[in-house]
1. Count the net charge of all other residues whose Cβ sits under 9 Å from the Cβ of Val314, scoring Lys and Arg as +1 and Asp and Glu as -1.
2. Which of rounded, prolate, oblate describes the stretch 286-348, given a ≥ b ≥ c as roots of the alpha-carbon gyration tensor eigenvalues and a/c under 1.5 marking rounded, otherwise prolate only if a/b is larger than b/c?
3. Hey, any idea what Rg/Rh is for the chain, computing Rh the Kirkwood way over Cα pairs?
4. Name the residue from Thr373, Leu412, Cys108 whose Cα lies farthest towards the positive end of the charge dipole of the chain, charges +1 on Cβ of Lys and Arg and -1 on Cβ of Asp and Glu.
5. Using r as the Cβ-Cβ distance of Ala277 and Ser190, and R0 as 30 Å, what FRET efficiency do you calculate, to the nearest 0.05?
6. Under the Karplus relation 6.51 cos²θ - 1.76 cosθ + 1.60, θ = phi - 60°, what is the ordered set of whole-Hz ³J(HN,Hα) values for the stretch 346-355, x standing for Gly and Pro?
7. With a point put 7 Å past each Cα toward its Cβ, work out how far Lys301 is from Thr47 in nm, to one decimal.
8. List the aspartates and glutamates whose Cα lies under 19 Å from the Cα of Lys213, skipping any in the same chain that are fewer than 8 positions away.
Amino acid sequence: MPVSRRDFIRQVVTVGPITMAFWMEKDLLWAKECGMPLASAECTLPTPKPPVRFIPNEPKVVTRYSALELAAPSRATQLKQLRDGVCLLRDLPPTDVLSWTKLIAQHCIHCAPSNTDNIHYNWQFLPWHRGLLYFVERAMRKLGKMDDMRLAYWDWDNKSSRTLPTIYAPKDQPLYWANRNLTGPRWPLSDAAVNVQPLLALPNFDIFGGTAKQRTPVPATFSGPHANVHNAFSPGDMADLQYSPRDPVFYAHHGNIDRLWSSWVAAGHKNPDFGTAKVYFYDENRVWSYVLFNDLRDEAKLGYNYSSLMKPTVKLSSLSNRPIVEKNGQLEVPPTKESLLPKFLVLQNVHLEKQAANAVDFGVFFTQPPVGTATANDKANGFLGTVNRVLSSGHDHHADPLSAVLEVDNKLDQVKGPLKLYVAPLDPTGKTTAAAAPLSAEAFSLISE
Ligand code: C2O
């Protein structure tokens, strides 16, 4: 089946009392409905054969463009390839392991409450989603016979991209998704919600992307922009962690999380040796395959690069990392030279199990705020930033703990001795909804300039 057909369709137009009919050239593909997932098959996969090792070694590197760039008339070809690719997968029968339904299932089974090896809370988080995007791209490339097709990324770090990218919005095309809330209080995304600077400054992969062991610590890249963009769509599929890949914009969101990883490496940080750790996917020939994380570290081998990368605004070499020690339940901030100003506060594995199960955002404070304190403008007394989670089907079965890095520039300058931290749940507008409790985490540090 050709993926696109120029065709002539009959248009009927009524102007006042006169009705005219004429034939118009139109691209029929985008006017048709693309297939929808089959709910009953969204969390089940067939029992696979033993996996075969897949070693990515693409013959050429093609650029992934931002959704904003793809909206330019000069990128019409790339945009059409993306739309065709999405429609091709959405149109496969739900039993096909390459179908949209089974992509949702791939994600869902790794996120199900019964799965103790969740892909979001250890070092699988970045490589697993990178692998997903790569195999989706390969399937689309093969089905559409379009070898230069690459996925898009949603550059929400860019001030001009703080609402749903326009190419995803129109109804009569494959990037549209009905179950999206675009009018909630988190739109447009705020600077603070999508601030990548604290993450880019993290010196170790352990905190940035996690370790082999579950929640040791939870990767900081899960909180912050990653969670906030998911939650902006609440209530909608994107805000449901397990089923978020129903919405085509999921792939653009994770394109930007993947670009954050690429940017972190380009900024001078090092990926670890992942050893024998691997991810499993069906390749474009429907062969159950595994790829070593180590083989996913270099995007060039995966055949793509990004049209631009995120850049740290501070010179990373000027930053130093100072652990804060806990003594008798008190945080002791080590004395500093006058010039050493705290820029980022790193919170490793903040415990949230005593917090309201339906809350997703938690404010961190160094004074105890009264209930109803507004944090949205960032000016609230003692407010340092937020820790964020994503609910799965409305509940928090992966509640605790979470890591986060907060930009505390100019807020902690005065704190030299003991530091008391509090945490309180926030409503979607950023107001505290309960009394703040003393914050407990497994490690604290300051990144200073
Ligand atoms: Cu696997 Cu952003 O979710």
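What follows is calculated from the coordinates using simple rules that are stated; it is not laboratory data. Bear in mind the structure is a predicted one, so any value in this text is a computation, not a measurement. Positions of Cβ are generated from backbone atoms using ideal geometry, with glycine treated the same way; all protein chains shown enter the neighbour counts.
1. Details: positive: Lys315, Lys343; negative: Glu449.
Residues close to Val314 contribute a combined charge of +1.
2. Details: a/c = 4.61, a/b = 1.97, b/c = 2.33.
Cα axes put the stretch 286-348 in the oblate bin.
3. Values: Rg = 23.2 Å, Rh = 23.1 Å.
Rg divided by Rh gives 1.00.
4. Cys108
5. Numbers: r = 35 Å, r/R0 = 1.17.
My answer for the efficiency is 0.30.
6. 9, 10, 9, 6, 6, 7, 10, 5, 8, 8
7. 3.3
8. By straight Cα distance, Lys213 reaches Asp117, Asp273, Asp400, Glu442.
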